Structure formats: C-alpha cells, structure tokens
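Contents: one structure, followed by commentary.
Each value in this text was obtained by applying a stated rule to the coordinates, not by laboratory testing. In this text the structure is predicted, and so the values were computed from the model without any measurement. Please note: Cβ atoms are built from the backbone with ideal geometry, for glycine as well, and neighbour counts cover all protein chains shown.
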Amino acid sequence: MKRLIFLGPPGAGKGTQASVVAKGGDIAHISTGDILRAAVASQTELGKQADAFMSRGDLVPDELVLGLVKERLQQPDAQKGWILDGFPRNAAQAEALDQLLQGIGQSPDFAVNFDVPDEVLVQRLLSRGRKDDTEEVIRHRLTVYREKTAPLIDFYQSRQKLVSVDGNADVEQVNQHLTSLIS
Ligand code: AMP
C-alpha cells in the first residue's frame, strides 16, 4: 500500500514518474491536470469553468478541484493506494486534503519534491508543446508554483513526510532514486 503526493514545478517529470510508479505498484495515478484537461476536452460543466484559468496558467478555484479529488479517492482502484500528481497546489488544498483523508481514515506516506532548475523546466515545457505551454504561460505557471505551491515543501517537511529527488537526472535514474526512497 502506498499513498504518495508528488510535489514539484510544472515540467519536473512528476507525471512521467507517477505513471511508472503507479503501474508498478498497481495503485491509482490521480493527476488533477489530466482530469481537468479531459473535462475541458469533453466540455463538461467543470471543464467550461476550468478552461480560462488553465489557459492563463492560473490555478483553477479550489472548490472545483477538491470535489474531483474527493470523488476520485473513493473509486475502487484508489483503495489499494494512490499517487496525487499536481495536487495539492496551495495551502488551502493541503489543509482540505488532510481533512478529507482523516475522514476516510488515510494519510500520505510521503510527499516527494522534484527538484529541477527553472531554465531546464522552461526548455522541457517548450518542447512539450501543450496548449498551455507557450513561454509566457509557462513563466506564469512557474511564478504561481513558487508563490502558492512551493510553500508546501515546508508544510510536509514539518510533518516529516518530505523526500526530495533530483528531477534533473534522466528518467531511469530519477525512477531508481525515487523507488529507493519510497519502498
Ligand atoms: P498540470 O498538468 O498539473 O501542470 O496542470 C495543468 C493546469 O491545470 C494548471 O496550470 C492549473 O491551471 C490546473 N490544475 C491542475 N491541478 C490543479 C490543482 N490542484 N489546483 C488548481 N489548478 C490545478
């Protein structure tokens, strides 16, 4: 059983590692970004509300994200464990996650911080070419990360849940380091 939170800036490789680790451990990979993009693509009510925030590189309002995480954590595949990839993204979401997990008698094993220099992130994101991957939006997402999300590193550190990986290494090396930390 593993319950993991993947922290780290956009482009740090959280999604890639989450997908490998989740598959290997047969646990749920819960990416709020993926869920929101799917909602935008299928033009659900959630997608319509989230679209403008995502295109600007701003965070989608907490109440939209919290609802979907709550629902997702209750699905059968998440009972074996989960990786939260891109959630929580600010202090309010971290507090809400605590409450939510307490309510279902769970707690995270680790929060994993992916450390990557900004210039590497910008180059990686530019080469990815997603709709919200223009240089202006990327720089804004990095600012939002620094202001809102990076403080969660201290939040989980103070709870003795934090581990850090050098996300600038190649995918295989990051995976080996990560696996050694969380197993
Ligand atoms: P990501 O794929 O994690 O980089 O997320 C892409 C975009 O989705 C972000 O720039 C936000 O607009 C939105 N998003 C994803 N996760 C969250 C979250 N936990 N809270 C608010 N917005 C989010």
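Beyond 31 Å in Cα-Cα separation lie the following of the pairs K14/K70; K2/K48; K131/K161; K48/K161: K2/K48; K131/K161; K48/K161. In order along the range 170-183, the phi-based Karplus estimate (6.51 cos²θ - 1.76 cosθ + 1.60, θ = phi - 60°) of 3J(HN,Hα) comes to 6, 3, 5, 5, 4, 4, 5, 5, 4, 4, 5, 6, 9, 8 Hz; Gly and Pro are listed as x. Compared with the alpha-carbon gap, the fully stretched path from N168 to Q102 is longer by 20.3 nm at 0.36 nm per residue. With both labels modelled 7 Å from their Cα along Cα-to-Cβ, the K70 to T143 distance reads 3.2 nm. Given DSSP loops and a limit of at most 15 other Cβ atoms within 10 Å, what is the longest stretch of the chain that contains no such trypsin sites (Lys or Arg not before Pro)? Result for the longest clean stretch: 1-129.
Calculated mean residue ellipticity, 222 nm, the chain: -16500 deg cm²/dmol, from DSSP H runs (n ≥ 4) at -39500 (n - 2.57) each, averaged per residue and rounded to 500. The per residue volume of the convex hull around the alpha-carbon atoms of the chain is 111 Å³. Using a Gaussian network model of the chain in which every pair of alpha carbons under 10 angstrom is joined by a spring, one finds that among I30, I104, I83 the greatest mean-square fluctuation is at I104. When the chain is treated as a GNM, springs tying every alpha-carbon pair under 10 Å, which of P88, P151, P76 comes out with the largest mean-square fluctuation? The residue that fluctuates most here is P76. Between A91 and I153, the distance separating the two model label sites (each 7 Å from Cα on the Cα→Cβ line) works out to 1.7 nm. Can you give me the Cα centroid spacing of the range 1-79 and the range 135-183 in angstrom? Their Cα centres are 16 Å away from one another. Normalising the Debye intensity of the range 81-150 to I(0), with uniform scatterers on Cα atoms only, and taking log10 at q = 0.16, 0.21, 0.25 Å⁻¹ returns -0.69, -0.97, -1.15.
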